[in-house]
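**Q** One structure coming up, written as structure tokens, with questions to follow.
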Amino acid sequence: MKKVFFKQLVALLDQSSAPYSKFNVSAIVLTTQGHAYNGVNVESAAYPTTICAERNAIHTAVTQGMKKGEVSEVHLLARNPQGKLVLVYPCGGCRQVIAEQSNAKAYVYCYDEKGEARQHAIDKLLPHAFLGAEL
Ligand code: THU
């Protein structure tokens, strides 16, 4: 499924800056407006200031003009310290941001080493999301 993104995700892994974990992650975010944005994880020596690939892609999308609610798909791949491609699911923080930036409507595609993707609706990955309407 969606093999076209797999090739791009594999290439994008080389942009990841992960000197501490040596765990590379790449993400491609698609929007309802038909745009695509890339992201990689960028680690920091002050560990909590690391940014995940998914949020990096979404923040870039916002910077480039995407409006809140317009994330439609997130494609995701990782490579472990042994250099093996591995399937990864978004962390809790990224699930929150994907939910908010898609009005809980995005689909997340998690790729394995063969380029096969598992499709997950964000409202299944993060049920009862806090989307900020209460604020
Ligand atoms: N990471 C991501 O980029 N996305 C995720 O959803 C899981 C974790 C990154 C953060 C850190 O640079 C490395 O993977 C190991 O946790």
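The values are calculated or read from the model by the stated rules, or taken from the named source; none is laboratory data. Quick caveat: nothing in here was measured; it's all calculated off a predicted structure. Cβ coordinates were reconstructed from backbone atoms using ideal geometry, including for glycine residues, and neighbour counts include every protein chain displayed. Note: areas computed on protein heavy atoms with side chains; ligands, DNA, RNA excluded. Shrake-Rupley method; radii C 1.70, N 1.55, O 1.52, S 1.80 Å.
**Q** So GLY83 fits all but one of (1) in contact (Cβ under 8 Å) with a residue 24 or more places away in the chain; (2) within 16 Å of LEU13 (Cβ to Cβ); what number is the exception?
**A** In the conditions (1) in contact (Cβ under 8 Å) with a residue 24 or more places away in the chain; (2) within 16 Å of LEU13 (Cβ to Cβ), GLY83 misses (1) alone.
**Q** Does region 45-60 hold any residues that are more than 18 Å from TYR111 (Cα to Cα), open to solvent by less than 50 Å² (accessible area, probe 1.4 Å), in a helix (DSSP H, G or I) and out of contact with any Cys (no Cβ under 9 Å at 6 or more places or on another chain), and which are they?
**A** To start, the set of residues in region 45-60 that are more than 18 Å from TYR111 (Cα to Cα) comprises 45-51, 56, 58-60.
In the following step, the residues that additionally are open to solvent by less than 50 Å² (accessible area, probe 1.4 Å) were identified as 50-51, 56, 58, 60.
Narrowing further to those that are in a helix (DSSP H, G or I): 56, 58, 60.
Scanning region 45-60 gives ASN56, THR60.
**Q** Looking only at region 1-22, filter to residues that are in contact (Cβ under 8 Å) with a residue 24 or more places away in the chain and hydrophobic (A, V, I, L, M, F, W, C); which one of those is nearest to the ligand (Cβ to nearest atom)?
**A** Across region 1-22, the extreme among qualifying residues is ALA18.
**Q** Do we have LEU77 as within 13 Å of the ligand (Cβ to nearest atom), touching a residue at least 12 places away in the same chain (Cβ under 8 Å), surrounded by 24 or more Cβ atoms within 10 Å (Cβ to Cβ) and closer than 19 Å to LYS3 by Cα here? Step through it out loud before you land on a result.
**A** Details: within 13 Å of the ligand (Cβ to nearest atom): yes; touching a residue at least 12 places away in the same chain (Cβ under 8 Å): yes; surrounded by 24 or more Cβ atoms within 10 Å (Cβ to Cβ): yes; closer than 19 Å to LYS3 by Cα: yes.
Here the answer is yes, as LEU77 does meet what is asked.
**Q** Does VAL62 satisfy the criteria of being within 16 Å of the ligand (Cβ to nearest atom) and either touching a Gly at 6+ places or on another chain (Cβ under 6 Å) or touching a residue at least 12 places away in the same chain (Cβ under 8 Å) (or both)? So that I can check it myself, show each step before the final result.
**A** Details: within 16 Å of the ligand (Cβ to nearest atom): no; either touching a Gly at 6+ places or on another chain (Cβ under 6 Å) or touching a residue at least 12 places away in the same chain (Cβ under 8 Å) (or both): yes.
When the stated conditions are applied, VAL62 does not pass them.
**Q** Taking the criterion of being within 14 Å of the ligand (Cβ to nearest atom) and assigned to a strand (DSSP E or B), would at least one residue in region 89-105 satisfy it? Steps first, answer last, please.
**A** Looking only at region 89-105, we keep the residues that are within 14 Å of the ligand (Cβ to nearest atom), and these are 89-99.
Going one step further and asking which of them are assigned to a strand (DSSP E or B), we end up with none.
No, that holds for no residue.
**Q** Of the residues VAL25, VAL42, which is farther than 24 Å from LEU131 by Cα, near the ligand (Cβ under 8 Å from one of its atoms) and in contact (Cβ under 8 Å) with a residue 60 or more places away in the chain? Show your work before the answer.
**A** Values: VAL42 fails: in contact (Cβ under 8 Å) with a residue 60 or more places away in the chain.
Criteria check complete, one pass: VAL25.
**Q** Answer yes or no as to whether LYS68 is free of Cβ contacts under 8 Å to residues at least 24 places away in the same chain, more than 12 Å from the ligand (Cβ to nearest atom), open to solvent by 70 Å² or more (accessible area, probe 1.4 Å) and not hydrophobic (A, V, I, L, M, F, W, C). Quick ask: steps written out before the conclusion?
**A** On the way: free of Cβ contacts under 8 Å to residues at least 24 places away in the same chain: no; more than 12 Å from the ligand (Cβ to nearest atom): yes; open to solvent by 70 Å² or more (accessible area, probe 1.4 Å): yes; not hydrophobic (A, V, I, L, M, F, W, C): yes.
No, not satisfied.
**Q** Same structure again: Looking only at region 122-135, count every residue that is of a type in the set (A, V, I, L, M), surrounded by 14 or more Cβ atoms within 10 Å (Cβ to Cβ) and farther than 22 Å from VAL86 by Cβ and tell me the total.
**A** Step one: filter region 122-135 for residues of a type in the set (A, V, I, L, M), giving 122, 125-126, 129, 131, 133, 135.
Among the residues that remain, those that are also surrounded by 14 or more Cβ atoms within 10 Å (Cβ to Cβ) are: 122, 125-126, 129, 131.
Now narrow it down to the ones that are farther than 22 Å from VAL86 by Cβ: 129, 131.
Residues flagged as of a type in the set (A, V, I, L, M), surrounded by 14 or more Cβ atoms within 10 Å (Cβ to Cβ) and farther than 22 Å from VAL86 by Cβ within region 122-135 amount to 2.
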